[in-house]
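Written out below as structure tokens is the structure these notes cover.
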Amino acid sequence: MNGRKTPHRLAGVMTAGIGVLCALVMAALFSGTMIYQLAGEKKMEAGARAQATPAPLVQGERASVLFPGALLALNEQETGTTAQDVRMGGQICRVVTRRYTLADGSTVRALSATPAAYLERLSAEGVQMQLITGFVIAGMDAVYALENGTAVLAARDGDFVYLIEAETNEQALYALGAAASLE
């Protein structure tokens with residue numbers, strides 16, 4: 001009698017083990033599918049936002065019409081805005097540059113660019129990234145760099161790039177980035 005119960009117990013344990021294994025495989029497949037699907041949606045959202053065709057460059061048109069995303073703005077006296085299309089990283093990039101005059105008379109440039117291939121401009125111009133952390137542009141983490149005496153802050157939001165360029169020290173540039181906003 002003892003010999004008969006052992007095969008039934010063994011079969012029951014094996015059936016339960018196979019059931020648990022099947023459940024784990026199904027859970028892994030479901031989780032993998034959901035992660036893959038969500039990652040694809042995020043890429044599509046970022047791509048759709050940046051792929052919006054910018055309006056043709058028209059002399060005198062407002063910068064907000066010429067750029068498909070939010071524009072970088074500083075809390076300083078604005079002296080002019082320009083928009084241009086440049087080729088960087090094999091793509092045509094729309095760049096809107098706002099110029100500002102500081103209280104000491106120096107000028108600052110706030111650039112908004114898309115797509116993110118525009119960042120290749122920094123390496124093409126020999127910009128030297130600094131190992132200093134804590135910089136922000138309008139709440140986004142930013143990288144501090146030096147370019148032939150010009151200090152640069154660079155931040156990225158998806159396919160949009162934001163730069164602040166000024167001939168000033170890192171403390172003044174930090175203050176400009178912290179006070180900057182997107183509009």
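The values are calculated or read from the model by the stated rules, or taken from the named source; none is laboratory data. Please read these numbers as outputs of a predicted model, since none were measured by experiment. Reconstructed Cβ throughout: ideal geometry from the backbone, glycine too, with neighbour counts over all protein chains shown. These accessible areas exclude ligands, DNA and RNA; they are computed on the full protein's heavy atoms, side chains included. Shrake-Rupley method; radii C 1.70, N 1.55, O 1.52, S 1.80 Å.
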Report, by residue number, each residue of the range 123-173 that is within 14 Å of LEU72 (Cβ to Cβ), touching a helix residue (DSSP H, G or I) at 6+ places or on another chain (Cβ under 8 Å) and open to solvent by 40 Å² or more (accessible area, probe 1.4 Å).
-> ARG156
Residue check, GLU120 touching a residue at least 60 places away in the same chain (Cβ under 8 Å) and open to solvent by 50 Å² or more (accessible area, probe 1.4 Å) | no
Take VAL136 and decide whether it is closer than 14 Å to GLU165 by Cα and touching a Leu at 6+ places or on another chain (Cβ under 7 Å).
-> no
So which residues in the range 133-162 are of a type in the set (A, V, I, L, M) and within 9 Å of the chain's Cα centre (by Cα), if there are any at all?
-> MET140, ALA155, VAL161
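What about ARG94, is it charged (D, E, K, R), touching a Pro at 6+ places or on another chain (Cβ under 6 Å) and surrounded by 14 or more Cβ atoms within 10 Å (Cβ to Cβ)? Let's see the steps before the verdict.
On the way: charged (D, E, K, R): yes; touching a Pro at 6+ places or on another chain (Cβ under 6 Å): yes; surrounded by 14 or more Cβ atoms within 10 Å (Cβ to Cβ): yes.
When the stated conditions are applied, ARG94 passes them.
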